[in-house]
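Participant: Sharing a structure with you now.
Since every read-out is calculated from the coordinates, none of them should be taken as a lab result. The structure presented is a predicted model; accordingly, all values stated were derived computationally and were not measured. No Cβ is skipped: glycine too gets one built from the backbone with ideal geometry, and neighbour counts run over all protein chains shown.
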Amino acid sequence: MEGRKPDITGTSPSDIAARLNSRYGNLNARSSRDVTVIGHKRNPFLAMPQTEMEKQVEREVQEKMEKEMAERQKRKKNTYLEGRLELSAKMELLTMNKENSPDLKTPKRCICKRPSKSFKCGGCLKFFKGRIADTCPRHPTETFLMDFRMCPYCSGPVDMIKQQDQEEA
Ligand SMILES: [Zn+2]
Ligand SMILES: [Zn+2]
């Protein structure tokens, strides 16, 4: 960094920035409309005639500034839009998950054709294969005579019967 103090009448970028800063307030405003002009009458610099080159450079700097502001605005709008899109995508996913979740979507899932499994009675410790009787949510009147309503060995209640691991099935 150079130690030189910006010269308000110079033409280097920092000089011009210093000049702009002396003339305008709120240079970081979102819109160029919000940039305020300060000390219009009292600023001695304004009384000085500007060279063509100075005017040109200052115009360029100002243009660049406005461009950057417009760019910033655009970016902001984009992130807002992106945010909205992301949100709607998330909502969609959420709805999809809801529809796929067995609790909410398929209260009427048919269990009539469920396969036989291996079971072990907790009372008599005997193993057997088949299905434990259950009411199908979609066909509540359907009954399957072969389904067990109790332990086939000791007639113990079904809540004592535990399903065995898959590999034994
Ligand atoms: Zn069914
Ligand atoms: Zn039993």
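Participant: Residue 58 versus residue 158, label points 7 Å from Cα toward the beta carbon: distance in nm?
Facilitator: So the two model labels end up 9.1 nm from each other.
Participant: Then there is this: Summing +1 for each Lys or Arg and -1 for each Asp or Glu, what net charge is found among the other residues whose Cβ lies under 14 Å from the Cβ of residue 64?
Facilitator: Numbers: positive: 59, 67, 72; negative: 58, 60, 63, 66, 68, 71.
Charge balance near residue 64 sits at -3.
Participant: Listed highest first by mean packing, meaning other Cβ atoms within 10 Å per residue, what order do 53-60, 13-20, 140-147 come in? Numbers along the way, then the final one.
Facilitator: Details: 53-60: 13.1, 13-20: 16.6, 140-147: 9.6.
The densest-packed peptide leads the list: 13-20, 53-60, 140-147.
Participant: Determine, from the Cβ-Cβ distance of residue 28 and residue 92 and an R0 of 45 Å, the FRET efficiency 1/(1 + (r/R0)^6), rounded to the nearest 0.05.
Facilitator: Working: r = 38 Å, r/R0 = 0.85.
Approximately 0.75, to the nearest 0.05.
Participant: Of 113/162; 108/129; 129/162, which ones are farther than 22 Å apart at the Cα?
Facilitator: On the way: 113/162 20 Å; 108/129 26 Å; 129/162 11 Å.
In this structure, 108/129 lie more than 22 Å apart at Cα.
Participant: Can you run phi through the Karplus equation (6.51, -1.76, 1.60; θ = phi - 60°) for the range 111-122 and list ³J(HN,Hα) in whole Hz, with x for Gly and Pro?
Facilitator: Per residue, the Karplus-derived 3J(HN,Hα) values read 10, 4, 9, 5, x, 5, 10, 8, 10, 10, 7, x Hz.
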